[in-house]
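All remarks here apply to the structure that follows.
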Amino acid sequence: MENTKSNLAGTGKDTHSLLESLSQGNYFSRLEGNELHCENVRISKLASAVGTPLYVYSKKYFTDRFQSLTQALSGCKHKIFYAVKSNYNINIIRHLHELGCGADVNSLGEMYRAEQAGVPADEIVLGGVGKSAEEISYALDKNIFQFKVESLSELYLINQIAELSGKKARVALRVNPDVDPLTHPYISTGLAENKFGIPISEAEAIYLDRSLSHIEFTGIDMHLGSQIASIAPYAEAIDKILAVCERLKEAGIELHHMDIGGGFGVQYAGENDFPVTAFRETLLDKLKHSGMQIFMEPGRYFSANSAALVTKILYLKTNGEKNFLVVDAGMSELIRPSLYGAYHQIIPVIPSGSEAKVYDVVGPLCESGDFLGKEQTIAEPESGNLLAVLSTGAYGMVMASNYNARLRPAEVLVDGSEWKLIRRRETLEQLIQNEEDL
Ligand code: LLP
């Protein structure tokens, strides 16, 4: 797929020195023996102890990232709901909650995960374009903080279920402001052509509908897309939403907050992170007269550069012009390269020091689309060597699958010189545990 605007596509250029320039470079770095470490732990030690493929996360990355975002937004009254879809290991949700995040969830399963991680219901917001009656009832029963509603029919269903259970549902309409987030088409959500949200032109009438007796409108919400590089799309959409809020105010409806969604872009190949400090100025300026609190739902911003996927080289092969490294992870562990043409820098865990060559790094699955990197320059590796696929903390493990009946990988969380297994590798028994053996 052609990719013009987003940072998702691979460039194929030599990005060997990139580790140092990535924000990830402070957490994944070459220490003793030039070996790649996560914080103070040797990656090769983790691979020996747990096996490969393996996701390795830096706990400090999440901490620092949360703190720097919060600091950048100081003076701007806000609440962060971590978009757990980007990485929902309960230990990671819990860590971000302990730092101060609520949870933005998109399904019953994510709601359950957030609860299991210890996030109280009044810090959970439920979104999703296709909420089922079961999900709505569950969320009402738990008394979650808010539903983000994406269609009129969904709103009627929530009203009906709330009435039956004698409750009032707190609701923010997710409006579709028809703004181009200038990102990859698959992760663009704020355009009229996308399935998401209620057309902004229809929102006002819905807020004014007095027949919805079991709905309490608390806020207004948007989410423009993911991996957004600049402030401009947010600014344009916020202006459109503020115009709606102004008219609602005149009609006597004051909303408590504006949820601006997630989508803050990160570094994959040396690009800049989303400019949060400048964003604060935009938010303060635009919202100064509104009295509304700002909610936000970043996922990738916290998780993308927290992790490396560690994989072992199985075979080297050359087909005509092409050099391949066949490794023990593929699209079942990390689908982003296959699905979006996304670029992830791949580096040796222990550099060989020998001459670098250009390789396609491919997985063991039966698909030509099964690759982790194309035309990556890697110092001449040998079978058995370990590679680290960088910037894989967001939408990596959560999109892993059992395709080709592969076992989903293990996850390790590093904290200084300590590490803990936070998810065991799946077992063969687990692969068939839900099947009836007739
Ligand atoms: N809020 C809503 C309503 C969302 O749909 C999303 C992401 C987020 C927040 C968090 O967005 P973030 O801050 O992480 O960009 N699988 C794709 C990304 C899909 C994003 C889906 N929605 C990828 O690997 O790039």
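Is one or more of the residues making up segment 251-270 part of a helix (DSSP H, G or I) and open to solvent by 10 Å² or more (accessible area, probe 1.4 Å)? I'd like the intermediate steps shown before the answer.
Within segment 251-270, the first condition is being part of a helix (DSSP H, G or I), and the residues that meet it are none.
No, segment 251-270 contains no residue that is part of a helix (DSSP H, G or I) and open to solvent by 10 Å² or more (accessible area, probe 1.4 Å).
Could you say which residue among Gly393, Gly373 is in contact (Cβ under 8 Å) with a residue 60 or more places away in the chain and in a strand (DSSP E or B)?
Exactly one residue qualifies, and that residue is Gly373.
Please specify each residue of segment 228-286 satisfying the condition of being of a type in the set (Ser, Thr, Tyr) and away from the ligand (no atom under 16 Å from the Cβ). Give the derivation first.
At the first step, the residues of segment 228-286 found to be of a type in the set (Ser, Thr, Tyr) are 230, 234, 268, 277, 282.
Within segment 228-286, Thr277, Thr282 qualify.
Conditions (1) part of a helix (DSSP H, G or I); (2) in contact with a Pro (Cβ under 6 Å, 6 or more places away or on another chain); (3) in contact (Cβ under 8 Å) with a residue 12 or more places away in the chain, marked per residue:
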position: Phe81; (1), (2), (3): no, no, yes
position: Asn91; (1), (2), (3): yes, no, yes
position: Met111; (1), (2), (3): yes, no, yes
position: Glu115; (1), (2), (3): yes, no, yes
position: Val129; (1), (2), (3): no, no, yes
position: Glu134; (1), (2), (3): yes, no, yes
position: Phe147; (1), (2), (3): no, no, yes
position: Ile158; (1), (2), (3): yes, no, yes
position: Pro181; (1), (2), (3): no, yes, yes
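Which of the residues belonging to segment 287-338 are part of a strand (DSSP E or B), within 16 Å of the ligand (Cβ to nearest atom) and under 17 Å from Arg406 (Cα atoms)?
Leu309
Return the total of residues in segment 54-75 being open to solvent by 10 Å² or more (accessible area, probe 1.4 Å) and of a type outside the set (Val, Ile, Thr).
11
Pairs only if they're at least six apart or on different chains, beta carbon under 7 angstrom, first in segment 198-224 and touching a residue at least 12 places away in the same chain (Cβ under 8 Å) and within 18 Å of Phe81 (Cβ to Cβ), second surrounded by fewer than 18 Cβ atoms within 10 Å (Cβ to Cβ) and not aliphatic (A, V, I, L, M); list them, first residue then second.
Correct list of pairs: Thr218/His256; Gly219/His256.
Being hydroxyl-bearing (Ser, Thr, Tyr), buried (at least 19 other Cβ atoms within 10 Å of the Cβ), under 15 Å from Leu224 (Cβ atoms) and in contact with a helix residue (DSSP H, G or I) (Cβ under 9 Å, 6 or more places away or on another chain) is the filter here; which residues of segment 158-213 pass it?
Within segment 158-213, Thr183 is the sole residue that qualifies.
Can you confirm whether segment 214-230 contains a residue that is hydroxyl-bearing (Ser, Thr, Tyr), open to solvent by 60 Å² or more (accessible area, probe 1.4 Å) and either part of a loop (DSSP other than H, G, I, E, B) or at positive phi (or both)?
No - not one qualifying residue is present in segment 214-230.
Which residues, counting only those in segment 34-53, are open to solvent by 10 Å² or more (accessible area, probe 1.4 Å) and part of a helix (DSSP H, G or I)?
Passing the criteria: Asn34, Ser44, Lys45, Ala47, Ser48, Ala49, Val50.
The values are calculated or read from the model by the stated rules, or taken from the named source; none is laboratory data. Not measured: the values here are computed from a predicted model. With ideal geometry, Cβ positions are generated from the backbone for all residues, glycine too; neighbour counts draw on all protein chains shown. Note: accessible area is taken over every heavy atom of the protein model, side chains too, but ligands, DNA and RNA are not part of it. Shrake-Rupley method; radii C 1.70, N 1.55, O 1.52, S 1.80 Å.
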